[in-house]
Structures are given as structure tokens and as C-alpha cells.
Amino acid sequence: MLVVITGLSGSGRSEAANCLEDQGFFVIDNLPPSLIPKVIELAGPAIARLCLTMGTERYSDEIGPAVADLRAAAKGAPHYSDVRLWFLEARTQALVQRYESSRRRHPFALRGSVEEAVEAERESLCGLRADADVVIDTSDTNVHELRDRIVGLLGEAGSRRLTTRVLSFSFKHGLPADVDMVFDCRFLPNPHWEADLRPLDGTDGPVREFVVGSPLGERFVQHLEDLCELLLPAFEAEGKTYLTLAFGCTGGRHRSVCLAEHAAATLRRLGFDPQIQHRDLQR
């Protein structure tokens with residue numbers, strides 16, 4: 001397996017590479033794209049799991065073609081037939097805060113503010129982001145959560161099974177960026193307005209019964225199950241590697257958590273092993 005990690009400066013490329021190193025990958029940091037063919041030649045079958053991180057400050061125009069060449073060459077290199085491109089990003093304000101706290105110069109900040117530099121880099125990497133197998137938003141992610149996400153993305157070594165992730169969130173804390181499908185659960189009965197349910201959360205039985213057991217909830221989860229049964233095998237047949245389903249409600253504590261748990265159970269029934277994350281449950 002060969003994983004290429006790139007993305008916005010300050011979004012956590014080094015931390016992601018450290019996680020892969022802990023998983024047995026041989027990591028080469030900030031490799032110029034022009035050196036990739038030589039590295040592949042030298043590594044050969046002896047290094048079965050290779051990770052290359054590529055900074056964008058010097059080589060932003062070269063990374064996309066280099067990855068395309070890797071994927072084309074993979075057909076003749078069985079030990080690297082699984083080539084994955086991971087793109088890390090974060091909200092502009094989060095990146096600005098990271099650079100201000102580190103007192104490092106942003107590589108795109110030749111003139112102007114750090115915020116302008118972040119936006120300039122983001123614009124220059126639109127094409128590369130679109131080509132990525134998975135986009136990881138690290139705005140609200142600590143090192144331990146990033147590690148869990150990466151372990152989930154790797155799945156079984158050599159497996160091409162669709163890697164699934166289910167996320168619950170609060171709309172008032174922002175829409176998550178690194179998701180494929182978003183379900184707005186705010187149309188369902190809200191346990192927040194029930195005095196005995198308000199202190200509980202969507203993992204508790206009474207809340208599940210209130211939300212999923214309602215007439216509207218029953219109809220929704222049936223349609224959700226039908227949709228999963230239809231789409232996931234189709235995505236897998238088309239070669240999609242990662243899929244994230246996100247469920248949002250007002251506070252991210254009751255309805256979204258309940259539906260995310262139900263969706264994860266549905267995916268397990270279909271033979272998948274989803275990661276599940278409740279982003280805003282403790283807020």
C-alpha cells in the first residue's frame with residue numbers, strides 16, 4: 001500500500017504521517033515529486049507499506065501529475081497496486097490560530113495576512129483536493145481522534161472493502177467538511193423539549209424510543225435502511241474506497257446521535273464495520 005498525504009499547510013500532515021508510521025508504514029516526509037520514481041524503484045517489494053508526505057509550498061503544481069503517474073504505474077507494480085491520496089484541510093480560522101500560536105511563517109505569506117495566505121493556498125489546491133480519495137478536516141480533531149480516523153481508513157491490510165464512517169454533529173457548530181452525505185434530522189421530534197429526556201442523549205433507550213419510535217422516525221429509518229442497502233453495494237462496485245454519512249440536528253446531542261447510532265447498526269447488518277463519531281455530544 002502507498003499513501004500520499006498532502007493538503008493545506010498547518011492541517012496536520014506531519015501528525016498523520018506519524019500515525020501511519022505507528023501502523024508500520026515507512027514514511028518519507030516532504031518528498032519532491034520528481035524523486036518519487038527513484039524512491040519507488042529503491043523501495044521495491046521490501047517496503048510493503050509506504051507513506052509519502054508532500055508539502056504544497058514548492059510543488060503544488062507537481063503533486064497531482066505525480067500521483068496520477070503513480071496510479072498508472074501501479075498496474076505494473078503489484079506491491080504498490082493500492083495507491084491512496086489523502087488531503088488534509090481545516091477551516092481558515094483554525095489554521096490562522098495555529099500559525100499565530102506557533103509563530104511560524106505560512107509558506108504562501110509572501111505578502112499580506114496569514115488569512116489571505118491560507119485562502120490563496122486553498123484556491124491553488126482545489127484540483128488536488130478534488131482528486132483525493134479522502135478529505136480529512138482537522139479543524140476540530142485532536143491527535144488521538146486523528147489517529148482513530150486514520151486507523152479506520154486503513155481497514156484491513158490489502159482490503160478494498162468500502163471503509164465507512166458515521167458522524168453526528170450540531171448545525172450550530174458548523175457543517176462538517178469531510179463527509180459524503182448529510183442528513184438533516186431537525187424535522188424529527190426533539191427530546192430537548194421533554195423534561196425527562198433533556199439530560200439524556202441519543203445513546204439512551206428512552207431517547208431512541210422517542211425519536212425512532214415516533215411515526216415520522218419509523219418512516220425515516222425505513223427509508224434510510226433502504227437507501228443504505230441500495231447505495232453502499234453500488235458505491236463499492238464502482239470502486240469507492242471511503243464513505244462518510246453525517247447526521248445533524250440543532251444541538252448534536254439527541255436526534256443526530258440517535259440516527260447515527262441507528263445508521264451504524266444498519267451498516268453492520270449489511271456487513272460493514274463503520275467508525276462512529278459524535279462530534280458535538282460533549283459540547
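Counting only heavy atoms of the protein chains, get the accessible area per residue of the chain (1.4 Å probe) and round it to a whole Å² value.
49
Based on the mean of other Cβ atoms within 10 Å per residue, sort peptides 115-121, 2-8, 252-258, 99-105 so the most packed one is first.
In decreasing order of mean packing, 115-121, 2-8, 252-258, 99-105 become 252-258, 2-8, 115-121, 99-105.
With +1 on each Lys and Arg Cβ and -1 on each Asp and Glu Cβ, how big is the dipole of the chain about its Cα centre, in debye rounded to the nearest 20?
Computed about the Cα centre, the dipole is about 320 debye.
Compute the acute angle (0 to 90°) between the alpha-carbon long axis of helix 114-124 and the principal axis of greatest extent of the alpha-carbon atoms of the chain; round to the nearest 10°.
Approximately 80 degrees, to the nearest ten.
Please report the antiparallel percentage of DSSP beta bridges with both residues in the chain, rounded to the nearest 5.
0
Between the helical axis of 143-154 and the dominant principal axis of the chain, each derived from Cα atoms, what acute angle in degrees is found, rounded to the nearest 10?
With rounding to tens, the tilt is 80 degrees.
If one takes the longest principal axis of the Cα atoms in the chain, at what angle in degrees, from 0 to 90 and to the nearest 10, does the Cα axis of helix 56-73 lie?
Relative to the chain, helix 56-73 is tipped by roughly 90 degrees.
For the chain, what % of the accessible area comes from carbon and sulfur atoms, probe 1.4 Å?
With neighbouring chains kept in place, the figure for the chain is 51 percent.
Quickly rank 165-173, 206-214 as a protection proxy: mean count of other C-beta atoms within 10 Å, highest first.
In decreasing order of mean packing, 165-173, 206-214 become 165-173, 206-214.
Among 123-135, 15-27, what's the highest-first ranking by average C-beta atoms within 10 angstrom per residue?
Going by the mean number of other Cβ atoms within 10 Å, highest first, we get 15-27, 123-135.
Say we join alpha carbon atoms closer than 10 Å with springs in a Gaussian network model of the chain; which of Leu175, Leu162, Leu153 then has the biggest fluctuation?
Leu175
For the chain, report the % of Cα-Cα distances exceeding 25 Å.
When every Cα pair of the chain is considered, 52 percent fall beyond 25 Å.
The values are calculated or read from the model by the stated rules, or taken from the named source; none is laboratory data. Worth saying up front: this structure is predicted, and the values here are computed from it rather than measured. Don't worry about glycine lacking a Cβ; one is built from the backbone with ideal geometry, like all the others, and counts go over all protein chains shown. Each accessible area value is taken on the protein alone, full model and side chains, heavy atoms only, with ligands, DNA and RNA left out. Shrake-Rupley method; radii C 1.70, N 1.55, O 1.52, S 1.80 Å.
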